[in-house]
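J.: Got a structure here, written out as structure tokens. Questions coming.
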Amino acid sequence: MTSIPESAEIASRSSAVQLSPSRRTSVIDTTMRRESVSSELERVRLLIGLLAFLLAVLAVLRLVPTLISGELRAHLLAGIIPLGIVIALYLAYETTVYLWFRELLRAERIPPTTFRYANAVVEISLPTAALITEALFAGVLPSLLGSVPFVYFPFIFLTALNLDSGLCVFAGAIAGTEFLATSLIFTRGMSVVRADARIVAMLTSPHQYVIKSLLLAVSGLIAGFIATQLRQQLARAIATLQERDRAISIFGQHVSTEVAELLLGQPVDLTPKEGDVCVMFLDIRDFSRLANDCSPSDVMSYLNILFGFMIPVINEHHGIINKFLGDGFMAVFGAPIQDDKQCHHAVKAAMEILAHVEQLNAEGRIPPTRLGIGLHIGPVITGNVGGMERKEYTIIGDAVNLASRIEQATKQLGGQLLVSQTVATKITSAKFTAQDMGLIELKGQAEPVRLFKLA
């Protein structure tokens with residue numbers, strides 16, 4: 001039989017590998033890179049939609065020329081076809097980039113940084129190319145004062161989906177520089193015939209174009225701020241999911257659905273806590289003899305049959321198996337989720353386990369098997385113990401020791417389920433028949449303990 005440690009503190013654990021801060025950061029960075037490609041794919045898809053929308057607008061203007069003022073109609077209509085060709089070329093370029101990014105995402109690769117910056121220059125140059133095209137075919141002032149310069153803004157703000165603030169600032173700077181250079185080149189030495197002198201000065205003065213360029217650059221800063229916020233929120237979301245997965249893993253794979261949902265629905269807090277917990281120790285009697293008489297594979301099958309139904313029973317009664325002990329286990333009720341009826345649930349779980357084992361014995365599905373189960377409730381400390389590389393959920397306290405001694409007392413008292421007086425007191429309202437075994441001397445306990453036999 002598996003021996004029980006005799007120290008004053010019995011630490012029970014479930015395996016849960018903890019990531020060091022450096023490794024956890026690496027996981028987050030890897031996930032962030034993968035998400036950045038996915039976000040980049042969405043950005044290119046939006047750009048394709050934007051370009052298709054611009055082509056549709058040009059088509060409407062071409063088909064419904066009355067939408068344009070009569071004095072501007074001839075000039076603007078002359079520039080629609082060249083402008084449409086420029087947009088169509090960019091649409092073909094973005095479609096190619098989209099297909100390439102999709103392949104990168106499937107291969108879990110990321111585009112080179114140099115390409116991302118070069119691509120930003122190409123994309124931001126679309127409004128500039130449209131501005132130059134419209135200026136050559138429709139006139140300088142209609143292009144500079146028209147709607148084309150506003151196209152810079154969606155291109156700048158969409159760079160936020162790169163999740164790279166530096167790239168956003170770079171895109172804004174490129175947009176501002178290109179617009180300023182284009183406007184100054186076209187308005188240099190320009191004159192307007194038959195117009196108010198103030199209007200001429202306003203249209204040809206560099207200051208308004210400088211201001212517009214600065215606004216474009218500021219838009220890049222705003223997009224960079226948005227990208228930073230998106231990246232931080234994504235990183236926090238990933239870290240939160242990792243922490244919740246870690247919390248679940250601490251309690252092993254055999255946590256009930258109800259307990260798992262409760263863990264997921266509350267903040268992860270595994271700092272040491274003190275409280276009353278009902279501890280169950282379960283042991284298979286004469287396991288050593290059985291192990292000697294059977295092959296290792298038969299012993300494993302036997303244990304799987306027993307533990308296979310015991311685990312769900314513990315889970316269904318709001319408990320968790322905190323540690324397997326070879327031919328038994330330790331389960332706790334009332335941790336990590338507080339349970340005001342932990343003693344009732346522990347006793348019901350124990351009785352159901354004993355009834356099922358009796359049924360298996362009667363059906364001949366297992367060798368003749370008897371169990372020893374001890375229950376005790378008392379104050380313990382629960383929390384994480386370990387270092388940065390590994391931590392384990394641990395329960396420490398004399399209540400753990402006493403529960404193990406009560407389980408061992410089932411041998412001398414000829415019972416299968418013994419509980420302490422504290423547990424018996426808490427289940428008086430339930431329909432359990434308890435036989436008072438009197439005060440029993442238990443190893444490691446300074447005073448005799450009153451025990452009650454339930455089975």
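Bear in mind that the values in this text are calculations on the coordinates, not laboratory data. This structure is a prediction, so every number in the text was calculated from the model and none was measured. Neighbour counts run over all protein chains shown; Cβ positions are idealised from the backbone, glycine included.
J.: Among the listed pairs LYS348/LYS443; LYS323/LYS348; LYS273/LYS411, which are separated by more than 25 Å between their Cα atoms? Don't skip to the answer; put the middle values down first.
T.: Details: LYS348/LYS443 27 Å; LYS323/LYS348 20 Å; LYS273/LYS411 33 Å.
Over 25 Å apart, Cα to Cα: LYS348/LYS443; LYS273/LYS411.
J.: Something else: What's the local net charge at ILE87, with K and R +1, D and E -1, over the other residues with C-beta under 15 Å away?
T.: Numbers: positive: ARG62; negative: GLU94, GLU123, GLU134.
Around ILE87, the charge tally is -2.
J.: For segment 270-453, place one equal point scatterer on every Cα, skip the solvent, and apply the Debye formula. What is log10 of I(q)/I(0) at q = 0.10 Å⁻¹?
T.: -0.40
J.: To make sure I understand, if each residue's beta carbon is the centre and we count other beta carbons within 10 Å, what order do VAL122, VAL44 fall in, fewest to most?
T.: Working: VAL122 14, VAL44 23.
Ranking VAL122, VAL44 by Cβ neighbours within 10 Å, fewest first, gives VAL122, VAL44.
J.: Report the rotationally averaged projected area of segment 284-334 based on its alpha-carbon convex hull, in square nanometres.
T.: Averaging across all directions leaves 3.5 nm² for the Cα convex hull.
J.: Tell me whether segment 322-369 comes out rounded, prolate or oblate; compute the Cα gyration tensor, take square roots of the eigenvalues as a ≥ b ≥ c, and use a/c under 1.5 as the rounded threshold. Intermediate results must be reported in sequence, preceding the final value.
T.: On the way: a/c = 4.87, a/b = 1.82, b/c = 2.67.
Here segment 322-369 falls in the oblate category.
J.: Could you sort the peptides 432-442, 414-424 by per-residue average Cβ neighbour count (10 Å cutoff), highest mean leading? Let's see the in-between values first.
T.: Values: 432-442: 14.1, 414-424: 22.3.
Averaged packing, sorted descending, gives the order 414-424, 432-442.
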